[in-house]
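All of the numbers you see were taken from the coordinates with simple rules; none came from a lab. The shown structure was predicted, so the numbers you read here are calculated from the model rather than taken from an experiment. Ideal geometry is used to build each Cβ from the backbone, glycine not excepted, and the neighbour counts take in all protein chains shown.
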Amino acid sequence: MIQLEKVSKTFRVGAEQIHAVKEVSLDIDAGEIFGIIGFSGAGKSTLVRCINLLERPTAGKVLIDGVDLMGLPESRLREERRKIGMIFQHFNLLRSRTVYQNVAFPLRKSKLSNAQKHEKILSLLELVGLSDKKDAYPSQLSGGQKQRVAIARALANDPKVLLCDEATSALDPQTTKSILNLLKKVNNELGITIVLITHEMAVVKDICDRVAIMELGCVVEEGETADVFSHPKEKLTRDFMDTASNIHKIYELLEEEHELTKIKDGEKLVLLTYSGGNAGESVISHLAEEYHVQANIIFGNVDILKNKPLGKLVVVLSGEGENMEKALQYIRDRKVELEVIRG
Amino acid sequence: MSFLYNIAPNLEPLQGELLKCTKQTFQMLFISGTISFVLGLILGVLLIVTKKGGLLQNAVVYKFLDKAIDIIRSIPFIILMVLLIPISRAIVGTGSGVTGSYVALIGGTVPFFARQIEAVLADVDYGLIEASEAMGFGPREIIFSVYLKESIPGITRITMITFVSLIGITAIAGAIGAGGLGDFAIRYGHQMGYRDMIWVTVAIILLIITVFQGIGNIIIKKTTH
């Protein structure tokens, strides 16, 4: 649906050149929810603006549904843009217009009759759950409600693609959830391809089928969400994983020489990572039965990445020398990743 | 009426003249005000869209307008008025009288108003412009439906401010024989020493401003959400 071919965007600030996006190539399929995650300044906002040419790439190609946007004259480009909805971090609603008028705004250029437009607006407000707010002004709405209006507005022209630029970053976790659910619904019911930019791991984990990780204008890793995060190749990817779990706390505790991290002779402090079907807990009980190795779980975390569990356990193992070796081998054989942190 | 004649004894013989001068003031306010409003709005919009990063970025147009406005604004009105006499002759055929005052009044109002419009439009969140572009709107729709529509309260507010300053300069325009209330106050109130006539003029001007601001406040109230 969306093909980016070696897209680059360079800004000139005085004599300096800033490479916001560097040769990014992405292939986003129809009907999927594609996440682009990166910390501030990674270039993800610029990249998403390159998709509808709000920022014209300095090099590369942008194809939407096979149409090369960069080759189009201004008026044709505007027509194409109507097929690409967009929502923003700060909602960008028109303050002087009611909810109804905001949703009606993009329909000005539509060929629908007035009655059809009216029908359309009401059904969109129904979809986002704001039928009762149609005559309210944006200033009377909460952040979540504003984003719902923005979503309804973005869908007014029946787009094929919805671009979300940090759409949940200004919202609290609860509201973020409800907006993500709405996006899922939009994706499911209307089959709209969604491209989502965020710095929040929770967002990606929740709804993205595939994800690209961006740093300094480049995509450093890309793939199915569950694969990328269960077997991260890049340090940045791991950093993102850490933001969403408490596992990295172990390293802080180690530095603090915390009580929990103190181990006796013959004990080992290990981090176990398992994904998919490998249940870590059963491994642990097996260790005790078979090898007489006791496993004391200090803490653990199980994430559900697009319906696949990804578990991490920090465990203190204690047992006899030979048994311990066998136990470790057993763990590795069960395709549970094992990292000995101490001991 | 007799009550008025009691507190302003000179009103009775001068009321015909006062009426004529009030009419002239209204004429100047209406014609130069309307033209200034439209021209100022156009220039303000031009400034905002040709600015760096604007919708129709154009450094040459922006720099020219920017400098021209600064220069004209820094000329005191009474000098500007005299300076514009030849231009007024070229455009409306005369450099004096009510008709001869229009060019000067517009010249004295537009740069100020355009600058203020620019400031008001600059307050429109750039996100709105971006969102409108993403919806496939072109510069014309964005100017009218976003920049101007979203700025109605701000535009009304500065129109009120500019209107008061326009009344101020219509009084000065009396100096080139444009007549009006300012001229009336100088001739009768000052030169002939009829103090009561100064008070009557002040009262009329206050009334005009009050009515105008009242209307403005209603518009602001109705359009601010």
Q. Other chains near A:91-100: what is the mean number of their Cβ atoms within 10 Å of each residue's Cβ?
A. 5
Q. By a straight-distance test (C-alpha under 20 Å), which aspartates and glutamates pair with A:K133 as possible cross-link partners, with residues fewer than eight away in the same chain excluded?
A. A:E119
Q: Partner chain Cβ atoms within 10 Å, averaged over the residues of B:124-131 - can you pull that number for me?
A: 6
Q. Stokes-Einstein D for the range B:75-126 at 4 °C, 1.567 mPa s, Kirkwood Rh over Cα pairs, in µm²/s?
A. 107
Q. Computed over the Cα atoms, what is the radius of gyration of the range A:249-342 divided by 2.2 N^0.38 Å, N being its residue count?
A. 1.07
Q) Shape call for the range A:43-113 from the C-alpha gyration tensor, a ≥ b ≥ c root eigenvalues: rounded (a/c under 1.5), prolate (a/b greater than b/c) or oblate? A) oblate
(Q) Need the C-alpha centroid separation for the range B:128-144 versus the range B:37-98, integer Å. (A) 27
Q) Looking at the protein assembly as shown, what % of the alpha carbon pairs are farther apart than 37 Å? A) 54
Q: Provide the gained length on full extension for the span B:R89 to B:I218, in nm with one decimal, where the gain is 0.36 nm per separating residue minus the Cα-Cα distance.
A: 42.5 nm
(Q) Rounding to the nearest 10 and keeping the result within 0 to 90°, find how far the Cα-based axis of helix A:143-155 lies from the longest principal axis of chain A. (A) 60
Q. With Rg and the Kirkwood Rh both taken from Cα atoms, where does Rg over Rh land for chain B?
A. 1.07
Q: With no solvent and one equal point scatterer per Cα, compute the Debye intensity ratio I(q)/I(0) for the range A:2-233 at 0.10, 0.15, 0.17 Å⁻¹ and report its log10, rounded to two decimals.
A: -0.46, -1.02, -1.27
Q) Using Cα atoms only, what is the angle between the long axis of helix B:11-50 and the major principal axis of chain B, expressed in degrees (0 to 90) to the nearest 10? A) 10
Q. Put +1 on the Cβ of every Lys and Arg and -1 on every Asp and Glu Cβ in the protein assembly as shown; which of B:A122, B:I42, A:V186 then has its Cα farthest towards the positive end of the dipole?
A. B:I42
Q.
Charges at C-beta only: +1 for Lys and Arg, -1 for Asp and Glu. How large is the resulting dipole of the protein assembly as shown about its Cα centre, in Debye rounded to 20?
A. 3060
Q. How high is the FRET efficiency between A:V302 and B:S165 when r is their beta carbon distance and R₀ equals 41 Å, given to the nearest 0.05?
A. 0.05
Q) Going by how many other beta carbons lie within 10 Å of each one, how would you line up A:F11, B:F137, fewest first? A) A:F11, B:F137
(Q) Semi-axes of the equivalent ellipsoid for the range A:109-221, please: Cα gyration tensor eigenvalues, times 5, square-rooted, ordered largest first, whole Å. (A) 27, 17, 12
Q.
I'd like the distance between the alpha-carbon centres of the range A:85-140 and the range A:159-174, rounded to an integer number of Å.
A. 17
Q: Round to the nearest 10 and give me the degree value, 0 to 90, for the angle of helix A:321-333's Cα axis relative to the longest principal axis of chain A.
A: 30
